[in-house]
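Report on the following structure.
All of the numbers you see were taken from the coordinates with simple rules; none came from a lab. For clarity, every value in this text was computed on a predicted model and none was experimentally measured. Using ideal geometry, Cβ is built from the backbone for each residue, glycine included, and neighbour counts are taken over all protein chains shown.
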């Protein structure tokens, strides 16, 4: 069969056979070039098969994350800076792509970075009733831990039943959600109370119980604990049942989620 076709081709005039070769050769060359681009050049350019899991940058400092990304040939951009009471300034809160996602060298990571705790100046509430003071402090983004009696011995005392001062004092800076205690001008004798067991309760429950015992919430530290709901009390500075003077502060450690 091939011999018959070759014989037919050889009987064709030369002016037909030469243009046919001119047409066939460019087609063959184009096909060969397409194979080279598809099988060699494009895989090299796109680095096919060179994917690897994205590193976990959350909770790292921005400088540590930058060094880590440079090691894998990637870079980053800061998409947002956000206040976070549980993460120091410059700590990474979120990342895109997420940790473990398949990436290639040169990928740009989009990061959300902590601005630290938002600081709020404690308002002046001297002379206000405890209820008025609590409303002012709450609107400012703070919480009232409790109140205790204190005799106002200044030259210009406030009325009995109103706030003498706050702990921390007016003008101090606290993170948003910080705890303020009120000292109220209520002539009282020294009296004792006892410390309740607060472990396992949430912060709001503890605040109410301490207030009923004429005790105050002191410093509040946060500790990462995946076994408890955020805001659950893990530890307290005074043992349950310990006898305390009224107005004493009880420091707390509460859980956080990240």
Taking only Cα atoms of segment 48-207, the Rg to Rh ratio with Kirkwood Rh works out at 1.24
Here the residues of segment 105-127 lying in the modelled label zone of residue 68, meaning backbone nitrogen under 19 Å from a point 7 Å along Cα-to-Cβ, are 105-116
Check: C-alpha center segment 184-258 vs C-alpha center segment 110-138, spacing in Å is 20
Taking the reciprocal of mean 1/r across every pair of different Cα atoms in segment 190-258, the Kirkwood radius in Å is 12.0
Protection proxy (average C-beta count within 10 Å per residue), highest first, orders 246-252, 148-154 as 246-252, 148-154
With 0.36 nm assigned to each residue of separation and the Cα-Cα distance removed, residue 253 to residue 140 gains 38.3 nm
Length-normalised contact order of segment 52-114, Cα under 8 Å, at least 6 apart, in percent, tallies to 49
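How long are the semi-axes of the ellipsoid equivalent to segment 52-114, from square roots of 5 times the Cα gyration tensor eigenvalues, in whole Å, largest first?
The three semi-axes for segment 52-114 are 20, 11, 10 Å.
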